[in-house]
Amino acid sequence: MELLDSEIVARMAQASRVLFVGKFWGGSDQNIIGYGEFRYTNSSGKTVEWFMVGLAAQKSYISMYVNAVADGGYLLAQYKDRLGKVKTGSASISFKTVDDVDMVVLMELVDKAASQLD
């Protein structure tokens, strides 16, 4: 995960880097390295601070979260079919090793997400 973290740090050099610790998504404990803080209003009307791109080491895989949007949906939808041997959700990518991911496509996605912070 260090290699992936350093790549994202390089791509999001102008963005803040924050560790989010707590219970997320169904009550699971998470430690997420978040890059590029922004505020948004969630579906319950609460304004929250969150990250544009995040990384988390899970028990048996790595999770990456990309909260950037484009064309009325999450930006990830435009990249998910080209990312390699990964599982995707609306804004999440899960993989066992960085070798499973097409890093060129992943960094293109991160660059596009980072451009939304300007």
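The values are calculated or read from the model by the stated rules, or taken from the named source; none is laboratory data. What you see is a predicted model; the values in this text were computed from it and never measured. Note that we place each Cβ from the backbone using ideal geometry, even for glycine, and neighbour counts take in every protein chain shown.
Some observations on this one:
- The range 75-85, residues that are over 12 Å from residue 95 (Cα atoms) and either of a type in the set (Gly, Ala, Ser) or touching a Gly at 6+ places or on another chain (Cβ under 9 Å) (or both): 76, 77
- Here the range 84-100 is the region considered, the condition is being closer than 23 Å to residue 36 by Cα and in contact (Cβ under 8 Å) with a residue 24 or more places away in the chain, and the residue that is farthest from the chain's Cα centre (by Cα) is 98.
- Close pairs (7 angstrom Cβ cut-off, 6 or more residues apart or separate chains): modelled with pLDDT under 85 in the range 40-51, in a strand (DSSP E or B) anywhere: 40/48; 40/50; 42/48
- Test result for residue 10, outside any loop (DSSP other than H, G, I, E, B) and either at pLDDT 85 or above or among the hydroxyl-bearing types (Ser, Thr, Tyr) (or both): no
- Candidate set: the range 23-73, residues that are part of a strand (DSSP E or B), touching a Ser or Thr at 6+ places or on another chain (Cβ under 9 Å) and among the aromatic types (Phe, Trp, Tyr); chosen: the one farthest from residue 95 (Cα to Cα): 40
- Every listed requirement among (1) surrounded by 12 or more Cβ atoms within 10 Å (Cβ to Cβ); (2) closer than 21 Å to residue 12 by Cα; (3) polar (S, T, N, Q) is met by residue 115 save one, (1).
- Boolean, residue 48 is surrounded by 15 or more Cβ atoms within 10 Å (Cβ to Cβ) and among the β-branched types (Val, Ile, Thr): no
- Residue count, the range 101-118 (criterion: of a type in the set (Asp, Glu) and over 18 Å from residue 35 (Cβ atoms)): 1
- Residue 36 vs. criteria surrounded by 14 or more Cβ atoms within 10 Å (Cβ to Cβ) and at pLDDT below 90: yes
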